[in-house]
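The values are calculated or read from the model by the stated rules, or taken from the named source; none is laboratory data. Just so it is clear, the structure is predicted and the values come from calculations on it, not from any experiment. With ideal geometry, Cβ positions are generated from the backbone for all residues, glycine too; neighbour counts draw on all protein chains shown. Just the protein is used for accessible areas: all its heavy atoms, side chains included, with ligands, DNA and RNA removed. Shrake-Rupley method; radii C 1.70, N 1.55, O 1.52, S 1.80 Å.
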Amino acid sequence: MKKGILIYDSSTNRFDILYEEGNSYGGLHCGTTMEVLINDEWAPTRIEYGNDWYLVGVQKESLPGLQVRI
C-alpha cells in the first residue's frame, strides 16, 4: 500500500492523494476505498459525495491533510 495525504483539487472538484514521493493518485471517485490514520490506527473507509465529500465512518471536520494509504 502507498501512503500519502488527502488534498483537494479545486480544478476537478475532487479529492486526490499526494504521495510521499511527490506524485498523485490522479483523482478519487465515489466508492474509492482506502485506509485513513485516526488516533494512530489505520481504519478502512471509502470516499463518497453528498452535499460535500466525506469518508464513510470517519468523523472529521476537514479532510485535507489526513494521512491515507491505498
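Worth pointing out:
- Search result, residues across segment 44-56 that are part of a loop (DSSP other than H, G, I, E, B) and at pLDDT 95 or above: V56
- Pick from segment 60-70, criterion part of a loop (DSSP other than H, G, I, E, B) and within 11 Å of the chain's Cα centre (by Cα), ranking: surrounded by the fewest Cβ atoms within 10 Å (Cβ to Cβ): S62
- All strands (runs of 3 or more DSSP E) inside segment 1-43 with 1 or more residues being surrounded by 16 or more Cβ atoms within 10 Å (Cβ to Cβ) and touching a residue at least 40 places away in the same chain (Cβ under 8 Å): 3-9, 14-19
- Qualifying residues in segment 44-59 (those that are open to solvent by 80 Å² or more (accessible area, probe 1.4 Å) and not polar (S, T, N, Q)) - the one farthest from H29 (Cα to Cα): P44
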